[in-house]
Structures are given as C-alpha cells and as structure tokens.
Amino acid sequence: KMKNSRLYIPEPILALIVSYVSEQGIDALKNWIKVGQVGKLAAFFDETLTRVRLDKSPHFIYMSSSNSLYFSFYSKCLEKRNPYPLYLHSLSLGFCCLDLCGAISILSTCKDRFPLAKLLNIALNRCAGIEVIDDFNSFNRENKCFFDVSLMANKLIGHISASEPKRFGSYGETFLSEEYPDCWLIHELNNEFNGERCSQCLYFYLFRD
C-alpha cells in the first residue's frame, strides 16, 4: 500500500510498477485507486490496461456484459488489445453472434498469450471446418498433463455456457462426426436436427479428441 500519497514517483516508473501489480489481477489495483488521483491515473495507464489479468477475477466471464460493474474497465482493456477481454469478445462473437470468422480473427492475435484462447481458437477453427494442425500440436506440447487439459476444457465449457450460446443455426453443417453423444438419439426422436442441438452436442463435437 502507498501510505504517503504525496510521494513522487516519475510517471514511467509508476507505469511500470502498476503494470506489474496488475498481473496479480484487477483486485490488486484497488489499493492504487484508493490512494487518490495519482493512483487512479496509474490504474488506467496503457501499460496497465494491456497487461492486467482480468481472468483472475471471479467476475471475469461476466465483465463483457453491459450490466457488469467492470464493463467500463473491460472496454478500456479491450480497446488496448488486452488478451483477456479479446478472449471474452471472441466468445461472444463465436457463440452468440455466430460470427466464426470474426472470432477466429481476434483469437489469432491473443492465442499465444492466453492458453484458453489457444484452445478456443482450435475449437472454433474446427467448427469452421479448418484443422489447425500446428496450433493443435503446439497446444499438446505445452500441455502434456491430461488432468491440466481436462481442467482447461471444463473451464472453457463453463465460459461457453455462461455466455448463453445460441442453439438454432449454430454450426449445423459441421456436425459430421461418426461418433456422437447419447443425447443425439433423443434429438433424433424429437426431430431436433443440426442447428437445434443442446450445448452438450456442441461440446462433444468441439472436444471429442
């Protein structure tokens, strides 16, 4: 904590300090904001906005909602191409707006800075009928522990669910796998064909490997 708000720290050094603090998460910036105007300005330095780890907040997945208390800060970080809001934006484009090309384009800029973004990039490319072999092999090399990969996939599934993905019209033509989850039989009986599947169908298709 900064006990003396009148302590002078040159702006370049202050920006560097706060940017490193921000890697502990958005909550780590609260003490700086409480200091006063200097601390508030530091929290909104470009160096901070591009590095702050929004994903460490329990409210991360909801920050992109206009109703979120963090929406304004999220928007500023998104403008500065921070990888964590870029990931959230790509989730919205891919699963709510059904804009696969837009989501994949954004993920290509942040997939090497956030492992979940790399996994989502592989999954959405698969939805688009594109096999990104290099990224897939790179992901396997970086995540050799099956337990870690399982945790990551479950977290991504949770994020997709929280984004309330559209069902109708969602990647219907890509459900071509010879293997299928048990729920497909129920959908067939109810005449619910591709594009009207439940979330479990989509997760099975994305993560069947």
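The values are calculated or read from the model by the stated rules, or taken from the named source; none is laboratory data. Model, not experiment: these values are computed from the prediction. Every residue, glycine among them, receives a Cβ derived from its backbone with ideal geometry; neighbour counts consider all protein chains shown. SASA here: full protein model, heavy atoms, side chains in, ligands and nucleic acids out. Shrake-Rupley method; radii C 1.70, N 1.55, O 1.52, S 1.80 Å.
To the nearest 0.05, how large is the calculated FRET efficiency for residue 68 and residue 128 if R₀ is 35 Å and r is the Cβ-Cβ distance? Before the final figure, lay out the partial values.
Details: r = 29 Å, r/R0 = 0.83.
E between residue 68 and residue 128, to the nearest 0.05, is 0.75.
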Three-way shape label, segment 15-56, alpha-carbon gyration tensor, a/c 1.5: oblate
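Which length gain, in nm to one decimal place, applies between residue 146 and residue 191 when the Cα-Cα distance is subtracted from 0.36 nm times their residue separation?
Net length gain for the segment: 12.6 nm.
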Pairs 40/111; 30/111; 76/111: which exceed 24 Å Cα-Cα? 40/111; 30/111
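Quick one: with all protein chains in place, what share of the accessible area of segment 5-75 is carbon or sulfur, to the nearest percent (1.4 Å probe)? Before the final figure, lay out the partial values.
On the way: 2450 of 4270 Å².
Here carbon and sulfur together make up 57 percent of the probe-accessible area.
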Calculated FRET value between residue 59 and residue 13, using beta carbons and R₀ = 35 Å, to 0.05: 0.70
Given 10 Å bins starting at zero, what is the percent of C-alpha pairs of segment 1-81 in each, up to the one with the largest pair distance? 19, 52, 24, 5
Using a 7 Å offset from the Cα along the Cα-to-Cβ direction at both residue 183 and residue 108, what is the distance between the two label points in nm, to one decimal? 3.2 nm
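Quick one: if the Förster radius is 41 Å, what FRET efficiency do residue 161 and residue 37 give, using the C-beta to C-beta distance and rounding to 0.05? Each step should come with its number before you reach the end.
On the way: r = 41 Å, r/R0 = 0.99.
Efficiency for this residue pair is about 0.50.
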